[in-house]
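The next block holds one structure in the form of C-alpha cells; read it before the comments.
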Amino acid sequence: MANTSDTNRWRRFSDWDDRMLRLDLFAEEEPEAGFSVFKSPYDPTPAVTIKGGRVVSLDGKSEKDFDILDEFIARHHLDPDLVEEAMAIDDGEIARMLVDINVPREKLERLARGMTPAKLANVVAHLSSLEVAFAYSKMRQRKTPGNQAHVTNAKDDPLQLAADAATAAELGFDELETTMRVSSNSWANALACTVGAAVGRGDALFQCSIEEAEELQIGMAGLATYAETISVYGTENAFIDGDDTPWSKAFLTAAYASRGIKARCTSGAGAELLMGFHEKKSVLYLEARCLCVQRAMGIQGTQNGGVDGAALTASMPGGVRELMAENLIAVWLGLECASGNDARTSESEIRVGAKITPLLLAGSDLITSGQGSINKYDNTFNASLFNGEEIEEYLTLQRDFEVDGGLTPLDEERALGVRIRAVEALTAVFEELGLADVTTSMIQSVVFASGSDDTESFTAGEVTPISEAIKSRKITAVDVVRALAKRGFREEAENLLFMLKQRVTGDYLQTSAIFRGGKIISALNDPNDYSGPASGYRMDEKRWADVKSVRGTLTKESVLATEALGKEKFPDWLFDAGTAEPGEDRHEVVIGVSPAFGTEMHRTSAGHGLPDVVNAIVSGIEDAGGNARLVRIMHTADTSFVGLSAAKLSGSGIGIGIQSKGTAVLHRSDRLPHLNLELFSNAPLVLLDHYKLLGRNAARHTFGEAPEPVVVPFRGEALSARFHARVAILFALETEMTDPKAKPIQLTLSPKGA
Amino acid sequence: MSVKDLYPLAENAPDRVKTPTGKLLSDITLDAVLAGEVTAADLAITPEALHLQAEIALAGGRRTLAENFHRAAELVAIPQDVIMETYEMLRPGRADLEMLHAQADVLRSIYKAELLAKFIEEAATVYERRGIFEKRY
C-alpha cells in the first residue's frame, strides 16, 4: 500500500516503481563524460591521405601523431589500393548497399578494407535497428548459425562442470566457455569441461578463460580448443591499462595459431568508458577502432556487442541499436562474430527478450558469446542475457519465429544420461590419473542438481590441489584420452582425440569454424550466401522438426488421451430420457449442456468434474426456490445458443447454457443470442461456488428479481495462452457431434427406471 | 583447381598435412595413442600446414588472416618459454628499444623468423615514439 498518503500522484507511477525495470539505470548522452552512442562531437571526420603507397594521415591525425591504434590500423588494416575508392563513396550510399540484397557481401567486405574506423562508424549510423539486423543477416560470415555456452559453477566443482558441459553440448551449443571463482582452479576446470564436452555429441569446442599466458598453456596441453580472451581496447590508454598493445596481442594471436588453437578477440562498447579512457569519443567509433585493429592483427573473429560494457551502453539512448551496429561492423570486416548477448543488460525480462530477438532473427556465427547453460548464481562470468533458468524460453523463441538459434530441445532421459556419463567419465579420469577420489554420493548429488546449491561435491578449496597437480604434473589431453579409454569410455576417448586431431590440419583456424556431426563448417565451406528470399540459411525439415518439438507440445491424440483418463473417474451419470419438451413450471430453470458434455468430455478447463459442476448449479437453483431441469442441446455447441435454446424450453424463460469446458451463460428466452444476462467467459477461473451462485441467480430471475451478477475475479492471467490450444481441440469434438436437425434431449441423473 | 578447394584439408587433402613427426592424419587413432605410438608431440600443427592455410585464407580474400598464419608458421619452432618471454617484452613497460631489437635479432638469427622480427622492430619504433616503454610497476 505504498503511496496511499501521496495524493498528488497517479498511483500507476507507484506500480511502475515496483517493476524490475526500475532497477535498471538510464543515462543521458553527455559526450564530455564519454557518454555518446553513435556520434560524439569529438569523433573525427573520416579521412585518409596516402603518399607513395603509405598511409600518412588517418581520421584527422597525421602520421607523427598516430597513437598505437592509428599506427596499427594504418600499417595493417588499410589497403592503400582500396582507400581512395572506398572513402570516396557517400556514407548513405554504402549504407544502402549494406541492406541491398543485390550487392554481394564480398563486394562490401572489399570496400571495408579501404575504410577507416570513423568511416565505418558513420556508415552504420545511417541504419535503423531493423536495417542493422537485416544487414547483419546478409553480412555475417558462416551460413549456419551457432551458439556458445557459459559452463561454470559457484564452487568450481569439476563434477558439475563435466555434467553441465555435457548437457550444454547436448543442447546444441557449439562452444563451451568456462572460467573459475578461484584462478588457481583453472586447470581443473579446463580438464572437467574437456571431459564433459567429449560426452555425447563430442565435437563442441571448449575454452577456459583466464590470464593470457596461462590460457595459452592450458590450450597447449590440449585442455582448450579455442581462446577468447584476446582483449582489444579502443583508446591507447585503455589498451595500456589492459596491459597490452596491438602488437603484443597480434603476437599472442599468432602464438595460438602456431599451437593449432582457434582464437578470437574480445572488445565492445563501453569498455573504454568503464576504464576511464574514452577521449570523449562515441562508443561506436571506439569499437570501430577496436575492430579495425582486430582485422589488422589477423585474428579470425571477435566477440563484441558490448560484452562487459553492454549494460552501460544499453543505459544510453539507442544503446541496444549500437550494440547490434558494432556486431555489423565486425562481420562487415570479415570477422567471425560471437555477437555479445552474454551479459544481463537489464533486470526486466521484457527488455531481455527484446534484446535477443533481432540477432536471433538475423542469425549469427555465435548468437551469444556465452549463454548461461547454468543457473544465474552459478555463472562466474556474471549472469548472461539468457541463463539456465530461461533456456526453455529461448527454445520457444526459436519455435515462435521459426529461426535457428543453435539450440535443440532437451530430452529428459537423454539429459540425465549424458550427465551420468560425464560425471562417471570424469571420476574415472580422476582415479586413473590419481587426481582425486570421488564418492557415489558426490556423483548422485551432481547428476540430479539443477545448480551448485543442490550439490554435495568438491568445494573450491578442494579443487585447488587437483588443479595444481594437473599443471605441475604436465597432464595433457592425451593423458585424458588414455585414461578414458582404459576405463571403458572409448567413445569419449575417440571424441576427445578427434578434437585434438584438428590441430594437425588447422582447418578450424579459418574464419567462423565450428563442428557439426564431426565435420567442420566455416565461412569457407559454408559461406553465408544470403541474397534475398529463399537464399541463405534455412532450416531443413529434420532440423525444424527438432527445433519445434519443445517440451509438452500438444497433439489431438495427447489431449484426447488425457480426457479419456477423466472418463474412468466418472462412470455414466447422465442418462437420456427422450426428447425434451417445453416446460410450464414458472420457476423452472433449464440447464442446457453441450453435445459432448459428460460423454466425451469430463472436466472443465478449470479442472472441475462435470458432475460437480451440475450439482453446484442444481443446488444453487434449488436453494433459491427454483426447479432445475437438464437437457442436452444437440444442434449447436455454442454457449450462447445452447443457453438461449435452454431458456426457450424453460417454463420460466430462464435457462443456463454450459459447455463441457465450463463456459456458462445465463439466458432469457426473449433476448438475442449474444445479449445474455450473465456470462462466465473465462472458464478456467470459474470455481464451483460461482456455478452455484449462477444457479441461484437464475432461480431469482424466475421470481422477477434482478440479482447482482456473479463476478469471477480475473487478475490478468494469459488465459488464452494457457488454455486455447487444448480447448480448440476439445471444442472441435463438441462441434463434430452437433446435428442441425437434432432435437434437445431430456437428461436425468439416474438410469431410466432406476 | 583453386587452393580454396583443398579446404577442409582433413576432408579434401588429408595427404597434404602431416604431423610434426611425419605421421599421416590416418595414423592418429585411439589404438595408436594407447600403444604409445601417437603422443602429444604428434598432435600439433606444422609450418607447412599453416602456410597452406594462409594460402587458403588469402584465396578467400583474407590477407590479414593469412599474414597471421605466416607469422604463426614461424612461431611453431619457437619454444614456449621464448614465446612467452617475447610476448612479455611486447607488453607495455616491460622492455626498451634495445631489448626489443635484440629479441628481434634472436628470432631472426636462431629461428629464421623474419616476419616476426620485422613485426617486433615495427612495434619497437612505435613504442619509442609513444612512450610505451615507460615502466608501470
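So the values come out like this:
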item	result
Tally, over segment A:506-520, of residues that are more than 9 Å from chain B (Cβ to nearest Cβ), outside any loop (DSSP other than H, G, I, E, B) and surrounded by fewer than 23 Cβ atoms within 10 Å (Cβ to Cβ)	1
Whichever residue in segment B:1-33 is at the interface with chain A (Cβ under 9 Å from one of its Cβ atoms) and among the β-branched types (V, I, T) and, among such residues, is surrounded by the fewest Cβ atoms within 10 Å (Cβ to Cβ)	B:T29
Members of segment A:455-476 that are surrounded by 24 or more Cβ atoms within 10 Å (Cβ to Cβ) and among the small types (G, A, S)	A:S457, A:S467
All positions within segment A:268-315 that are part of a loop (DSSP other than H, G, I, E, B) and either surrounded by fewer than 24 Cβ atoms within 10 Å (Cβ to Cβ) or in contact with a Phe, Trp or Tyr (Cβ under 7 Å, 6 or more places away or on another chain) (or both)	A:G276, A:F277, A:E279, A:K280, A:K281, A:S282, A:S315
Qualifying residue in segment A:52-61 (condition: under 29 Å from A:W247 (Cβ atoms), assigned to a strand (DSSP E or B), within 14 Å of chain B (Cβ to nearest Cβ) and not hydrophobic (A, V, I, L, M, F, W, C))	yes
Filtered residue count, segment A:258-267, keeping only those that are part of a loop (DSSP other than H, G, I, E, B) and within 12 Å of another protein chain (Cβ to nearest Cβ)	3
Criterion violated by A:G200 - all others in (1) closer than 24 Å to A:F489 by Cβ; (2) away from chain B (no Cβ under 12 Å); (3) at pLDDT 95 or above satisfied	(3)
Number of the condition not met by A:T266 [criteria: (1) under 28 Å from B:G131 (Cα atoms); (2) out of contact with any Ser or Thr (no Cβ under 7 Å at 6 or more places or on another chain); (3) of a type in the set (S, T, Y)]	(2)
Breaking point among (1) without any contact (Cβ under 8 Å) to a residue 40 or more places away in the chain; (2) closer than 17 Å to A:T45 by Cβ; (3) more than 14 Å from every other protein chain (Cβ to nearest Cβ); (4) touching a helix residue (DSSP H, G or I) at 6+ places or on another chain (Cβ under 7 Å), for A:M97	(2)
Complete set of residues in segment A:469-505 that are among the charged types (D, E, K, R) and either closer than 16 Å to B:L43 by Cβ or facing another protein chain (nearest Cβ under 9 Å) (or both)	A:K474, A:D479, A:R482, A:K486, A:R490, A:E494, A:K501, A:R503
Residue ranges of helices (runs of 4 or more DSSP H) in segment A:69-132 with at least 3 members within 35 Å of the chain's Cα centre (by Cα) and closer than 14 Å to A:L291 by Cβ	A:117-124
Of the criteria (1) over 30 Å from B:L100 (Cβ atoms); (2) modelled with pLDDT of 95 or more, which one A:R295 fails	(1)
Qualifying residue in segment A:34-45 (condition: among the aliphatic types (A, V, I, L, M), crowded, with 21+ Cβ neighbours inside 10 Å, under 33 Å from the mean Cα position of the chain (by Cα) and assigned to a loop (DSSP other than H, G, I, E, B))	yes
Positions within segment B:50-69 being in contact with a helix residue (DSSP H, G or I) (Cβ under 6 Å, 6 or more places away or on another chain) and either more than 7 Å from chain A (Cβ to nearest Cβ) or of a type in the set (A, V, I, L, M, F, W, C) (or both), in sequence order	B:L50, B:H51, B:A54, B:E55, B:I56, B:A57, B:L58, B:A59, B:L65, B:A66, B:F69
Odd one out for A:E212, checked against (1) touching a residue at least 40 places away in the same chain (Cβ under 8 Å); (2) more than 8 Å from every other protein chain (Cβ to nearest Cβ); (3) not aromatic (F, W, Y)	(2)
Sole exception among (1) out of contact with any Phe, Trp or Tyr (no Cβ under 9 Å at 6 or more places or on another chain); (2) at pLDDT 95 or above for B:A57, by number	(1)
Positions within segment B:54-75 being in contact (Cβ under 8 Å) with a residue 40 or more places away in the chain and buried (at least 21 other Cβ atoms within 10 Å of the Cβ), in sequence order	B:I56, B:G60, B:E67, B:H70, B:R71, B:E74, B:L75
Criterion violated by B:D42 - all others in (1) over 30 Å from A:K474 (Cβ atoms); (2) under 17 Å from the mean Cα position of the chain (by Cα) satisfied	(1)
Selection within segment B:120-136 - in a loop (DSSP other than H, G, I, E, B) and either within 10 Å of another protein chain (Cβ to nearest Cβ) or surrounded by 14 or more Cβ atoms within 10 Å (Cβ to Cβ) (or both)	B:G131, B:I132, B:F133, B:E134, B:R136
Candidates A:E212, A:E279, A:E236 - the one that is closer than 21 Å to A:L120 by Cα and touching a Ser or Thr at 6+ places or on another chain (Cβ under 7 Å)	A:E279
Number of the exception - B:T46 against (1) of a type in the set (S, T, Y); (2) surrounded by 15 or more Cβ atoms within 10 Å (Cβ to Cβ); (3) touching a helix residue (DSSP H, G or I) at 6+ places or on another chain (Cβ under 7 Å)	(3)
For A:L223: the one exception among (1) more than 20 Å from B:P92 (Cβ to Cβ); (2) away from chain B (no Cβ under 12 Å)	(2)
Answer from A:P713, A:P751 - the residue that is touching a Phe, Trp or Tyr at 6+ places or on another chain (Cβ under 8 Å) and assigned to a loop (DSSP other than H, G, I, E, B)	A:P751
Residues of segment A:690-710 that turn out to be of a type outside the set (A, V, I, L, M), assigned to a helix (DSSP H, G or I) and either modelled with pLDDT under 95 or touching a Gly at 6+ places or on another chain (Cβ under 9 Å) (or both), as a count	8
Residue match in segment A:549-558 (condition: farther than 22 Å from A:L410 by Cα, touching a residue at least 12 places away in the same chain (Cβ under 8 Å), within 12 Å of chain B (Cβ to nearest Cβ) and part of a helix (DSSP H, G or I))	no
Number of positions in segment B:78-106 that are facing another protein chain (nearest Cβ under 9 Å) and either surrounded by fewer than 16 Cβ atoms within 10 Å (Cβ to Cβ) or in a helix (DSSP H, G or I) (or both)	9
Pick from segment A:500-548, criterion in contact (Cβ under 8 Å) with a residue 60 or more places away in the chain and among the acidic types (D, E), ranking: farthest from B:Y7 (Cα to Cα)	A:D546
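The values are calculated or read from the model by the stated rules, or taken from the named source; none is laboratory data. Note that the structure is a prediction, hence the values are computed from the model and not measured. We place every Cβ from the backbone using ideal geometry, glycine too, and count neighbours over all the protein chains shown.
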